[in-house]
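This report concerns only the one structure given below.
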Amino acid sequence: MSDIVLELRDVSRRFEVSQGAFKGSATLTAVAQVSLQVKRGEVFALVGESGSGKSTLAKMLLGLLPPSSGEILIDGTPIAASDRIAVARRIQPIFQDPYSSLNPRKSIAQLVGLPLVVHNVGDAASRRAKVVEMLDLVGLPRRLLDAYPGQLSGGQRQRVAIARALVMRPEVVICDEPTSALDVSVQAQILNLLLELKRELGLTYFFISHNLAVVEHLADRVAVMYLGRIVEERTRAGLFAQPGHPYTRALLESVLTPDPDLGVPDTHIGSAMANPMAEHAGCPFQPRCPTALNICKTTPPPVSALPDGWATCHLLQQEAVA
Amino acid sequence: MALLDVQDLVIDIPTAGGVLHAVSEVSFTVERGETLAIVGESGSGKSLTSLAIMDLLPRVAQRRATRLNFDGADLLTIPARQMRKLRGSRMAMIFQEPMTSLNPAYTIGNQLTEALRCHDDVGAEAARARAIELLERVGIAGAERRLLQYPHQLSGGLRQRVMIAMALMCKPDLIIADEPTTALDVTIQAQILRLLAELKKELNMAMILITHDLGVVARVADKVAVMYAGAVVERGSARAVFKAPSHPYTRGLLNCIPVPGRTAPGAPLGAIRGQVPNLIGRLAGCAFRNRCDFAAPECAGEMHFETPTPGHDVRCVRLAAQKAVA
């Protein structure tokens, strides 16, 4: 088995968006030329704000949305070439909102056991045993087997979602903001559980989040996404110690640690949301960038290699020359 | 005299299974120019507390208090007509979801000027001028054009700025912001919080900030009230509460959040065991005692505030015992 469990090669996704009754449609590029490699057993975090294309990327990884161009490979096999059931066996999601991702009319045993039914594993008795084992694993009491999601707290529901994702022992788990709908004390429990399960089962996480503090806590490597493009990819330690891209810097400055001696930081970036429909001649972040140069308006930034990764910024290029 | 003085606020909600004690004996004061943050998890009663001040509780909820004064007016006995006059003009509210609290069928300009024209006798032109002035003040470029736009034409950050401008239209003395930045991106959150702090200072307003985000609280608040299961368990200056958190729940919450540079990556985060108690039926003693490491038989008895340092109150009868262990 190769070291790379999940690979994206130049993946793009475009949508045709209607502009109104009498206008033609325009193209929105949600994900643009993303190439990534996720190693087996690591936590790869994808960070970005709303509209940056994180969730579109997650949908493509799960095989729910085909890329417009490019290739996604699991263990070297393109997703496009294998059928959905086979993909679902290796890659499973945990979604943000456990209130809407669990069918309210199914019991916990049915919800967690459904993947076993879909994949035709065992008989009813062995499935039930497997479900019980999963509940134990995620720390849910067995008496909840025949309960319904409506009777559970948010934290318990997220545990059900985790049990359901893991019951087929996938290799990769896509965690799409798994704790952002939860209270802080519950968030801590779920993060602890995710880390524990990863160690126990040797899982690989593709962790999507906008919460930099959470990412710092559990990621091994981090990619930062802005307007559909990866603008920086680094190791956790490197990124948090010395961010390369000005957008990453602004994100890190925006993390509010509970320190009463500090005020709210000024991130020096404009609030003008960049228009995903517009074609960018230069750097997509340039309209908000406090350090933009003239060249940023006209030329797309090249990839600058950093000791532990890379970033796309003209400034880094110039520093390298100087 | 404090601008807002809340003493022993109680909110009971009758349900099929009995009375739900949503808020019990909550007391705090807010001065002009001061920011009080009410922090707590879902179900702690923080939003209901703010709705009770504005007299916007759902009809089934029963509100009681020994004192509920706003700038000398007794909000417990004030006639509904006068309360309507206060609400929106002298006390204003900013809600969490700008998409659901703005009317999608009216233009921004329409919604901005409505409150002012209801409360003050101003003409359409003057109201429009004030709307433009405030939109510019909250950092919206091209304000005149924006007045003609509808909410769906604005981004989340812009909508929240419109909500803030709307709350400021009548120059309120008190502004209640319920999770004003929770739905926003982190970089926008910082901008909105800075803006709120600036405007509060400039207009000498009092602000109540309701949030679950301890980072926001520490950076923005002058005073903090931590709520758990409908009661304030700790209150004091932001400095005192964050530097010397003294209620086991406050400490538990602070240990739950990962802090870059302080918590070791990958190490287990602190957790608060157990679950929030059911608030239906008779409650006695400390609601946190079944999750607390310091719980003792006396925690089931009468609760009162201890004052470890002046201006810092902790609703815990085991403060001495906590110190002995620590």
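In table form, for the structure just shown:
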quantity: Residue in segment A:277-285 that is of a type in the set (Phe, Trp, Tyr), in contact with a helix residue (DSSP H, G or I) (Cβ under 6 Å, 6 or more places away or on another chain) and more than 11 Å from every other protein chain (Cβ to nearest Cβ) present; calculated: yes
quantity: For B:Ala16: the one exception among (1) without any contact (Cβ under 8 Å) to a residue 24 or more places away in the chain; (2) in contact with a helix residue (DSSP H, G or I) (Cβ under 6 Å, 6 or more places away or on another chain); calculated: (2)
quantity: Residues located in segment B:247-262, provided they are facing chain A (nearest Cβ under 7 Å) and at pLDDT below 90; calculated: B:Pro260
quantity: Selection from segment B:187-199 of residues that are crowded, with 21+ Cβ neighbours inside 10 Å and either modelled with pLDDT of 90 or more or hydrophobic (A, V, I, L, M, F, W, C) (or both); calculated: B:Ile188, B:Ala190, B:Ile192, B:Leu193, B:Leu196
quantity: Single condition A:Leu36 does not satisfy, out of (1) under 24 Å from A:Ala213 (Cα atoms); (2) of a type in the set (A, V, I, L, M, F, W, C); (3) touching a helix residue (DSSP H, G or I) at 6+ places or on another chain (Cβ under 7 Å); calculated: (3)
quantity: Residue satisfying all of: in segment A:235-264; touching a Phe, Trp or Tyr at 6+ places or on another chain (Cβ under 8 Å) and at the interface with chain B (Cβ under 7 Å from one of its Cβ atoms); nearest to A:Arg40 (Cα to Cα) among these; calculated: A:Pro258
quantity: Residue under evaluation B:Tyr228, criteria (1) within 9 Å of another protein chain (Cβ to nearest Cβ); (2) hydroxyl-bearing (Ser, Thr, Tyr); (3) in contact (Cβ under 8 Å) with a residue 40 or more places away in the chain, criterion not met; calculated: (1)
quantity: Selected residue (only one of A:Phe95, A:Phe15 is of a type in the set (Phe, Trp, Tyr), under 26 Å from B:Ala183 (Cβ atoms) and crowded, with 17+ Cβ neighbours inside 10 Å); calculated: A:Phe95
quantity: Selection count, segment A:1-29, where residues are at positive phi and within 22 Å of the chain's Cα centre (by Cα); calculated: 1
quantity: Answer from A:Ile190, A:Ile174 - the residue that is within 27 Å of A:Ser50 (Cα to Cα), under 15 Å from the mean Cα position of the chain (by Cα) and either buried (at least 18 other Cβ atoms within 10 Å of the Cβ) or at pLDDT below 95 (or both); calculated: A:Ile174
quantity: Hits in segment A:203-234 - residues which are within 11 Å of chain B (Cβ to nearest Cβ) and either over 30 Å from A:Met277 (Cβ atoms) or not in a helix (DSSP H, G or I) (or both); calculated: A:Ser209, A:His210, A:Asn211, A:Ala213, A:Val214, A:Glu216, A:His217, A:Leu218, A:Ala219, A:Asp220, A:Tyr226
quantity: Residues that are within 12 Å of another protein chain (Cβ to nearest Cβ) and without any contact (Cβ under 8 Å) to a residue 40 or more places away in the chain, drawn from segment B:197-212; calculated: B:Glu198
quantity: Residues of segment B:123-141 classified as more than 18 Å from B:Leu195 (Cα to Cα) and surrounded by fewer than 15 Cβ atoms within 10 Å (Cβ to Cβ), total; calculated: 5
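Yes/no matrix, rows are residues, columns are (1) under 25 Å from A:Arg249 (Cα atoms); (2) surrounded by fewer than 22 Cβ atoms within 10 Å (Cβ to Cβ):
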| position | (1), (2) |
| --- | --- |
| A:Pro178 | yes, no |
| A:Leu182 | no, no |
| A:Ser185 | no, no |
| A:Lys198 | no, yes |
| A:Ile208 | yes, no |
| A:Val215 | yes, no |
| A:Val222 | yes, no |
| A:Gly228 | yes, no |
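Conditions (1) under 18 Å from B:Ser44 (Cα atoms); (2) surrounded by fewer than 22 Cβ atoms within 10 Å (Cβ to Cβ), marked per residue:
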site	(1), (2)
B:Ala244	no, yes
B:Pro260	no, yes
B:Pro268	no, yes
B:Arg282	yes, yes
B:Ala287	yes, no
B:Arg291	yes, yes
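The values are calculated or read from the model by the stated rules, or taken from the named source; none is laboratory data. Being a predicted model, the structure only gives us computed values, none of them experimental. Here Cβ is always computed from backbone atoms with ideal geometry, including for glycine, and neighbour counts include all displayed protein chains.
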